[in-house]
Amino acid sequence: FAERAGLMADIDRRVILNTLHRAAKEKDKGNEIEIFIKLSGKSLDDKKMASWLSNTLKNIDFPNTNIVFEITESLALTHLSQTRNLVNSLKTLNCKIALDHFGTRLKSFKLLAQLEVDYLKIDGSLVRNLGTNKAHQLIVKRILAAAKNKDIQIIAESVQDADSLPVIWQYGIHFIQGYFLQIPDSEMEYDFSNSLM
């Protein structure tokens, strides 16, 4: 509904503002966090987004280097020019970039030559049953090799149980995300000091 009504760019801005304010409060409590904020296609098309972000970040006491903007692989491919422009602007602000749902398309790896990113979030469909699915293991190994060449960190998303953990650890994937680690929560209260990875 929001997308059809043309509200997604406004919603993105509201989400960004609220997230940054919450993150600044966590920083004031002495908590060092890195936040991931997903952008919609409308934000990629918004020619004023880069300048709005630049002005917004100046007024919030939170380090830009701890802000990661997430863009789904499918949006990056269908909005490549706009994505490249916004990514370049965000990098000049010292923000980080994550490509979400990565690795399921033929052009996935071509994106890495087009965009300077800091994280790749391996698509959950590749992570599920990773311990037994040889085809998925080959794709994940290829993603890891490409990422290593560019000093990109890898996140395995949609980790729902312990079955895939031995392979994830063996491959040297940097982070996991999913219900196995923590279910989504409206509060930033999880203590990761005792996490598994």
## Note on the structure
Computed over the chain, protein heavy atoms only, probe 1.4 angstrom, the accessible area per residue in square angstrom equals 57 Å²
#### Entry: Relative contact order (%) - criterion: Cα under 8 Å, at least six apart; region: the chain
13 percent
### Query
With each pseudo-label sitting 7 Å past Cα toward Cβ, what's the residue 66-residue 10 distance in nm, one decimal?
3.1 nm
### Query
In debye to the nearest 20, how big a dipole does the range 7-60 give about its Cα centre with +1 on each Lys and Arg Cβ and -1 on each Asp and Glu Cβ?
140 debye
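Please say if the range 62-129 is rounded, prolate or oblate, where rounded means a/c under 1.5 for a ≥ b ≥ c the square roots of the C-alpha gyration tensor eigenvalues, and otherwise the choice is prolate for a/b larger than b/c and oblate otherwise?
oblate
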### Query
Of the chain, which part is the longest with no trypsin sites (Lys or Arg not before Pro) in a loop (DSSP not H, G, I, E, B) and with at most 15 other C-beta atoms within 10 angstrom?
49-104
### Message
Which entries of 58/150; 91/141; 25/148 have Cα-Cα distances beyond 32 Å here?
### Response
25/148
### Message
At 25 °C and a viscosity of 0.890 mPa s, what translational diffusion coefficient does Stokes-Einstein give for the range 119-170, taking Rh as the Kirkwood radius over Cα pairs? Give it in µm²/s as a whole number.
### Response
222 µm²/s
### Message
Give me the percent of accessible area attributable to carbon and sulfur for the chain, probe 1.4 angstrom.
### Response
50 percent
### Task
Tell me the Kirkwood hydrodynamic radius of the chain in angstroms, computed as one over the mean inverse distance between distinct C-alpha pairs.
17.8 Å
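The values are calculated or read from the model by the stated rules, or taken from the named source; none is laboratory data. Computed from a predicted structure; not experimentally measured. Quick reminder, even Gly has a Cβ in these numbers, built from the backbone with ideal geometry, and neighbours come from all protein chains shown. The area values use the complete protein model at the heavy-atom level, side chains included, leaving out ligands, DNA and RNA. Shrake-Rupley method; radii C 1.70, N 1.55, O 1.52, S 1.80 Å.
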